[in-house]
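The values are calculated or read from the model by the stated rules, or taken from the named source; none is laboratory data. A quick note: this is a predicted structure, and the numbers were derived from the prediction, not measured. Using ideal geometry, Cβ is built from the backbone for each residue, glycine included, and neighbour counts are taken over all protein chains shown. Accessible surface is based on the protein model in full, side chains and every heavy atom, while ligands, DNA and RNA are left aside. Shrake-Rupley method; radii C 1.70, N 1.55, O 1.52, S 1.80 Å.
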Amino acid sequence: MQSATALTGFERLLEVCRSRAHPLKVEPPLPSSSPVAVSVAGQPMDPQLAAVHARTGYLWVRDELYLFPARHERRPDLHRVNAHWRKDWVEPFGSLLVFAKDDRLAYCYATVPSLVDARGLQPVVWVDVYEALYAVPVASSVDQFFATYARYLEAAPPAFVDGEDTPALRAFPWSASGVISRDEELVRAIQAGRFDFLMKENARAREWVAKLVDASVRR
């Protein structure tokens, strides 16, 4: 059985970006004698997220997303971002663990510590902070999130051709329902109502998730 902290999805995302010449930046962790923290702003660190931070200090995928570094003197980092997050947002959103952000807009990606599974892994949600706060489920684990995002990029038309940018017409997760619905563990959790508390106030979220489940059932 594959280790819970194996990062095959993360590796796949890097591979897809490089094969498509999609601009990205990967930096090693900052030198430190301290191990990756087991908690962040009072919430347990997901083991797959900890494994990513143990080998990567910073990840940026142009026009898509970037990963907050675990610790950094200049950039917003995982600990400072989540300390502010706890103060800024009411429950249940205040207990999410934000680990990445959209590269162009203020949308965030977060794990859900309250939905941890028997392996210690936390599912991932996309969070809209612009209006009434809500979140939609996008992956059953952190590494599955990277694997899903890799498939999403792989299926997209090239965004950078002959050195010229083309407008990004896609939007994750709304245009990625096909690849997200392939995550059977996530779909089962959605069907069980485990994410309802994060999206019950938003009709768009509920409608999109219903279509996601339907796409999975019809596959």
Contacts under 8 angstrom Cβ, first residue in the range 69-92 being within 20 Å of Asp128 (Cα to Cα), partner open to solvent by 80 Å² or more (accessible area, probe 1.4 Å) and modelled with pLDDT of 90 or more, 6 or more apart: Pro92/Ser114
Total residues in the range 113-127, condition under 19 Å from Arg86 (Cβ atoms), open to solvent by 10 Å² or more (accessible area, probe 1.4 Å) and touching a residue at least 24 places away in the same chain (Cβ under 8 Å): 3
Yes/no for Arg206 being in a helix (DSSP H, G or I), within 23 Å of Ala110 (Cβ to Cβ) and at pLDDT below 95: yes
Contacts under 7 angstrom Cβ, first residue in the range 197-219 being within 20 Å of Val112 (Cβ to Cβ), partner small (Gly, Ala, Ser) and open to solvent by 70 Å² or more (accessible area, probe 1.4 Å), 6 or more apart: Glu201/Ala132; Asn202/Ala132
Output for the range 49-80, where each listed residue is open to solvent by 10 Å² or more (accessible area, probe 1.4 Å), part of a helix (DSSP H, G or I) and either within 16 Å of Ala147 (Cα to Cα) or touching a His at 6+ places or on another chain (Cβ under 9 Å) (or both): Ala51, Arg80
Residue match in the range 93-114 (condition: small (Gly, Ala, Ser), in contact with a Pro (Cβ under 9 Å, 6 or more places away or on another chain) and assigned to a helix (DSSP H, G or I)): yes
Among residues of the range 33-48, those that are over 17 Å from the mean Cα position of the chain (by Cα), within 26 Å of Val116 (Cβ to Cβ) and in a loop (DSSP other than H, G, I, E, B), counted: 7
Residue, modelled with the highest pLDDT, within the range 68-94, restricted to residues that are over 18 Å from the mean Cα position of the chain (by Cα) and aliphatic (A, V, I, L, M): Ala83
Every pair of residues 6+ apart whose Cβ atoms lie under 8 Å, when the first sits in the range 8-23 and is over 14 Å from Asp143 (Cβ atoms) while the second is at pLDDT below 95 and among the small types (Gly, Ala, Ser): His22/Ala159
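If the requirement is being touching a strand residue (DSSP E or B) at 6+ places or on another chain (Cβ under 8 Å), of a type in the set (Val, Ile, Thr) and open to solvent by less than 80 Å² (accessible area, probe 1.4 Å), which of these qualifies: Val36, Val40, Val16? Walk me through how you get there before you give the answer.
Working: Val36 fails: touching a strand residue (DSSP E or B) at 6+ places or on another chain (Cβ under 8 Å); Val16 fails: touching a strand residue (DSSP E or B) at 6+ places or on another chain (Cβ under 8 Å).
Within the list Val36, Val40, Val16, the selection yields Val40.
Going by the conditions given, is Val136 crowded, with 18+ Cβ neighbours inside 10 Å and free of Cβ contacts under 8 Å to residues at least 60 places away in the same chain?
Numbers: crowded, with 18+ Cβ neighbours inside 10 Å: yes; free of Cβ contacts under 8 Å to residues at least 60 places away in the same chain: no.
For Val136, the condition - crowded, with 18+ Cβ neighbours inside 10 Å and free of Cβ contacts under 8 Å to residues at least 60 places away in the same chain - is not met.
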